[in-house]
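Take a look at the structure below.
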Amino acid sequence: MKTSNVFLLVILIISSLYVVYIRPVKATEDSWTTKEPMPTARYRFGIAAVNGKIYAIGGQASGVTLGTNEEYDPATDTWTTKTPMPTPRYYFAVAVYQNKIYTFGGLTELPLQNNTYVGVTEVYDPATDTWETKTSMPTNRSALCANVVNGKIYLTSGIVYGPPPSFSSKSDVTEVYDPETDSWTTKASIPTPVCSYTSAVVNNKIYVIGGSKQYTTYANCNQVYDPETDTWTEAEPIPTGVRFAAAGATTGALAPERIYVIGGSTTQFPDGSNLTQIYDPEKDVWITGAPMPTPRGGLLVAVVNDVLYAIGGFNTNGDNVLAVNEQYTPIGYIPEFPSWIILPLIFVFILVFAVVKRKSFRPT
């Protein structure tokens, strides 16, 4: 076989792989797919992704506070029950550091009282399926988020205990946990205190988006914290103010760096929406993505390989608790190079090598 013919064969094989693999995946950008539902329907729980697995922890369902811990494997679309969280609670914050899941604060039960707001810090190790208790958060609070930047975990704002009849008020405090020393420090206060917000980290900056200023006042602010300078700034507000929404950030590896704010309540009633609001931190602009199939609030989002999973929540004024699990493929997504392509490519390179070598040793 002539060398020119071999290279033609290579081009044909690579083109075939492009048609079979790349083109169908491209067609799924900005789209939703329904996956295996979570075994325990719930909302206001905690979620984290470790080593390609997603962990749904705690939460609330029909007035019952849970410590339930369920692991989802996106590769097999299956769920497995794990060791429950020692302190059942909801409305708490979650962060991942060195493949361990840190849970902070939250509420232990209803009705709201001083002793139901906690600062508990409990750490889950998926490798050993065990829990460990650490130093509690200085300010007992709920309805907040946790974010990791340069080995520190940042928790800002949320709800603290307040006088009757609401038994709650907004906090402006920013507290930082150091997992290496199991200690806490206080940083610059957030300019606009909010609760029930969502947040994400891009380029070592923390974006605090939406939430509630008061019970019926929805915030559309986009507050940015820079841990390096301990300062807050304002970015472009989210187009539709939401609370009880969830957010996930793509890394730029398989999809452009964006923050996706999914679902949430847009009225004074916690009914839940199907919004997909997408923020570009570099350009400081928002666009709208494909709507989520199941409108809801109180859901959580986890990101695995730049693909988002929107899990759980509620709709119908909070009366309908959900176990739904819907996968979102972001805009500009380019899939990982699949293992099944490797063997054909190896065959092609061996063929080329054999032909070239044979030609080079052909007697003259």
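Nothing in this text is a laboratory measurement; each read-out follows from the coordinates by a stated rule. Only a predicted model underlies this, so the values are computations on that prediction, with no experimental measurement involved. Every residue, glycine as well, gets a Cβ built from its backbone with ideal geometry; the counts of neighbours run over all protein chains shown.
Across the stretch 62-114 the C-alpha pair distances fall into 5 Å bins from zero in the proportions 5, 15, 21, 23, 19, 10, 5, 2, 0 percent.
Per-residue 3J(HN,Hα) values for the stretch 118-134, derived from phi via the Karplus relation 6.51 cos²θ - 1.76 cosθ + 1.60 with θ = phi - 60°, read 10, x, 3, 10, 10, 10, 10, 10, x, 5, 10, 6, 10, 10, 9, 8, 10 Hz in sequence order (x marks Gly and Pro). Sorted largest first, the spans of the alpha carbon positions of the stretch 36-332 along the three principal axes are 45, 41, 40 Å.
Rounded to the nearest Hz, the phi-derived 3J(HN,Hα) couplings of the stretch 257-263 under the Karplus curve 6.51 cos²θ - 1.76 cosθ + 1.60 (θ = phi - 60°) are 5, 9, 10, 9, 9, 10, x, where x marks glycine and proline.
Legend: calculated FRET efficiency, K213 to T251, from the Cβ-Cβ distance at R0 = 22 Å, rounded to 0.05, equals 0.10. A simple spin-label model places the labels of D73 and S183 4.1 nm from each other, with each point 7 Å out along Cα-to-Cβ.
Between N114 and D172, the contour length at 0.36 nm per residue exceeds the Cα-Cα span by 19.1 nm.
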